[in-house]
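Worksheet: the structure to be examined is printed underneath.
Computed from the coordinates by the stated procedures, all read-outs in this text should not be read as laboratory data. Everything numeric in this text was worked out from a predicted model, so none of it was measured. Cβ coordinates were reconstructed from backbone atoms using ideal geometry, including for glycine residues, and neighbour counts include every protein chain displayed.
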């Protein structure tokens with residue numbers, strides 16, 4: 001009986017401690033990053049027959065950093081790219097796992113290809129044709145519908161869940177490599193080097 005009481009007490013204390021840590025962490029910023037490389041790209045070729053193609057060979061590199069502030073429903077980000085083999089066209093966060101192609105969920109910057117009307121005014125310009133750094137803030141109204149993948153326009157919490165689950169990637173599209181020239185899966189972590197997939 002004493003053993004049962006002790007284990008019940010231990011379980012109750014563990015649950016209380018977990019609850020306190022969860023509430024202490026609630027609303028704290030989460031940091032994510034990605035190293036962007038052409039070797040991470042997966043090209044989709046529309047059909048018929050539709051098909052996936054392999055990586056891209058390019059000297060271009062890039063990095064993406066994001067900080068989620070769940071309390072205020074915003075994500076601050078910084079995207080850098082350099083060495084692009086043709087002019088930048090657009091950049092996004094896509095909803096997709098590694099080595100798959102997923103729909104655009106957020107626009108990071110626009111250039112020769114413009115963002116849809118509903119988010120165009122909120123989307124910054126891509127700086128520099130072949131190299132540049134853009135900073136911005138993602139708000140719920142910038143989250144787009146991802147047809148057939150379960151995310152509807154404005155579903156900020158769905159985006160945050162996908163980022164935390166490792167099911168989003170950032171990529172930069174160019175004139176020559178329209179489906180994307182560099183790409184990287186978003187990973188949790190505030191410190192350390194960017195990693196390529």
| query | At what distance in nm do the modelled label points of residue 97 and residue 50 sit from each other, each positioned 7 Å from its Cα along Cα→Cβ? | reply | 1.8
| Spin-label model distance (nm) - residue 57 vs residue 129, 7 Å beyond Cα toward Cβ | 2.5
| query | What does the highest-first list of 83-93, 57-67 look like by mean Cβ count within 10 Å? | reply | 83-93, 57-67
| Ordering of 119-125, 75-81, 143-149, 156-162 by burial proxy (mean other Cβ atoms within 10 Å per residue, highest first) | 75-81, 156-162, 143-149, 119-125
| message | Would any residue of the stretch 99-125 have its amide N under 16 Å from a label point 7 Å out along Cα→Cβ of residue 86? List them or say none. | response | 111-114
| Stretched out fully, how many nm does the piece from residue 161 to residue 175 gain, at 0.36 nm a residue minus the Cα gap? | 1.9 nm
